[in-house]
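K.L.:
Mind having a look at this structure? Questions to follow.
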Amino acid sequence: MTLDDIVDKLRASRGVAHKADIAPMLAALDVGGADSVVRAAGDDCAAIPDGDGYLLFAAEGMVSDLIEAMPWFAGYCSVLVNVSDVCAMGGRPIAVVDVIWSDGLEPAAPVLEGMAAAARQLGVPIVGGHSNARSERTQLAVAILGRAKRLLSSFAARPGEKLLMAVDLRGAFVEPYPYWNAATEAPAQRLRGDLAVLAELAESGLCAAAKDISMAGIAGTALMMAECSRVGVRIDLDRLPKPADVPLARWLEIFPSFGYLLSVREDDVAAVIGRFEARDIACAVIGEVHAEPAVDLRLDGQTRSVWRLDAQPFILPADRRAACAFAPLPARSAV
């Protein structure tokens, strides 16, 4: 597959399409000016100042085709992806709640079993939620609360930094989906320690910008970070850490159980890579952050642009970018 083919495939991918839907959603919520209800949109979690740190709040809904085809795995992932969002912000998870709708109790059972398995493995309790067993089909969403002492943010990448990818290669695809599963069979203590690396990086000051690799894939996730930080990114595709037997085009669209992009000062690159490698997690420099508002891919000496942020918004409406710049919500006073 040529570089042009790869770029065309990425632009037309389901994950990128889902993320591109965010901009009009935000525009519909926005009432403009100081009265806007949208605050700091674009990060993996909302960050709310709380004492000497931040409360982190996020939610994820699961796609219906995965719930129908693999209900246990969908339930497991609903907890894992929320935990990943908290970790991507430099936090540690506290608890989750769920909202599940189903046509009777039987279809909900494997979904709930998967959620319970993930909660036990990750050490994150399910503390409440909402259910409706009289719906037309099974639907699931999960929300999470976490806490960070020091934040990692999608809005903190700066020109001149290196783009790193950290991914656990000790897994396999969940066919026929792009989900790279390195979690369900992993020892609980090892997995919890692996996820804690992100908080440790934030607290040490070695990194300020990170994002978990989402359904948009590697390039789509880099695009979201670039747009939030108002920078550009060039990705060298031949430097991606990946299994030798996986085609590059498919790997670019992965949604890994453990996968993050980080923007890191050059002087701190070796230390950051060392933190991951100490836990047998692959980590490598895959590109650079620059000031040009574009996300470009390089392969075999050729370079192609995937997206020009000055010409087309991705997840943030063009007139909302300044207002969405990272600014955590003010802490609420006790009553």
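K.L.:
Run through the DSSP bridge list for the chain and note the antiparallel percent, rounded to the nearest 5.
P.N.:
Here the share of antiparallel DSSP bridges comes out near 80 percent.
K.L.:
Whole-Hz Karplus ³J(HN,Hα) for region 52-65, in order, using 6.51 cos²θ - 1.76 cosθ + 1.60 and θ = phi - 60°, x for Gly and Pro?
P.N.:
Running phi through 6.51 cos²θ - 1.76 cosθ + 1.60 with θ = phi - 60° gives 8, x, 9, 7, 10, 9, 8, 8, 9, x, 9, 5, 5, 5 Hz.
K.L.:
If you find the alpha carbon centre of region 220-263 and of region 174-213, how far apart are they in angstrom?
P.N.:
The two parts, judged by their Cα centres, are 15 Å apart.
K.L.:
Follow-up. Let me make sure I get this right: for the chain, a, b and c are the square roots of the gyration tensor eigenvalues over alpha carbons, sorted descending. Under 1.5 in a/c it's rounded, otherwise prolate if a/b > b/c, else oblate. Which is it?
P.N.:
Since a/c stays below 1.5, the shape of the chain is classed as rounded.
K.L.:
Taking a cut-off of 21 Å between Cα atoms, list the lysines near Lys149, but don't count ones fewer than 8 places away on the same chain.
P.N.:
Partners within reach: Lys211.
K.L.:
Given the convex hull of the Cα atoms of region 44-150, what is a quarter of its surface area in nm²?
P.N.:
6.3
K.L.:
Which one, Met62, Val289, Val246, projects farthest toward the positive side of the charge dipole computed for the chain from Cβ point charges (K/R +1, D/E -1)?
P.N.:
Val289
K.L.:
Which Cα, out of His130, Cys87, Pro71, lies furthest along the positive dipole direction of region 44-150 (beta carbon charges, K/R +1, D/E -1)?
P.N.:
Cys87
K.L.:
Taking each pair of distinct Cα atoms in region 212-307 once, what is the resulting Kirkwood hydrodynamic radius in Å?
P.N.:
13.9 Å is the Kirkwood radius here.
K.L.:
For the chain, what does -39500 (n - 2.57) per DSSP helix run (n ≥ 4), summed and divided by total residues, give at 222 nm, in deg cm²/dmol to the nearest 500?
P.N.:
The helix contribution divided over the chain gives -9500 deg cm²/dmol.
K.L.:
Tell me the net charge near Val142. Cut-off is 12 Å between Cβ atoms, Val142 excluded, with +1 for each Lys or Arg and -1 for each Asp or Glu.
P.N.:
Cβ neighbours under 12 Å give a net charge of -3.
K.L.:
Suppose every Lys and Arg Cβ carries +1 and every Asp and Glu Cβ carries -1, with no other charges. What dipole size does region 44-150 come out with about its Cα centre, to the nearest 20 debye?
P.N.:
So the dipole magnitude of region 44-150 works out to roughly 440 debye.
K.L.:
What are the GluC sites (Glu not before Pro) within region 173-241 that DSSP puts in a loop, where the Cβ has at most 14 other Cβ atoms within 10 Å?
P.N.:
Values: sites: Glu185, Glu200, Glu203, Glu227; in loops: Glu185.
Sparse-neighbourhood loop GluC sites (Glu not before Pro): Glu185.
K.L.:
Compare Val16, Val295, Val127 in a GNM of the chain, Cα atoms joined below 10 Å, and give the one with the largest fluctuation.
P.N.:
Val127
K.L.:
Over region 57-128, what is the relative contact order in percent, taking alpha-carbon pairs closer than 8 angstrom and at least six residues apart?
P.N.:
The normalised contact order for region 57-128 reaches 40 percent.
K.L.:
How high is the relative contact order of the chain, given as a whole-number percent (alpha carbon pairs under 8 Å, six or more residues apart)?
P.N.:
Relative contact order here is 25 percent.
K.L.:
Moving on. Dipole magnitude of the chain about its Cα centre, charges +1 at Lys/Arg Cβ and -1 at Asp/Glu Cβ only, in debye to the nearest 20?
P.N.:
Using only the charged Cβ atoms, the result is roughly 540 debye.
K.L.:
How far is it, in nm, from the label point at Ala271 to the one at Ala188 when both lie 7 Å from their Cα along the line to the Cβ?
P.N.:
Result for the modelled spin labels: 3.4 nm.
Read-outs throughout are calculated quantities, based only on the coordinates presented, and are distinct from any laboratory measurement. Source: prediction; values computed, not measured. Glycine gets a Cβ as well: all are built from the backbone with ideal geometry, and neighbour counts include every protein chain shown.
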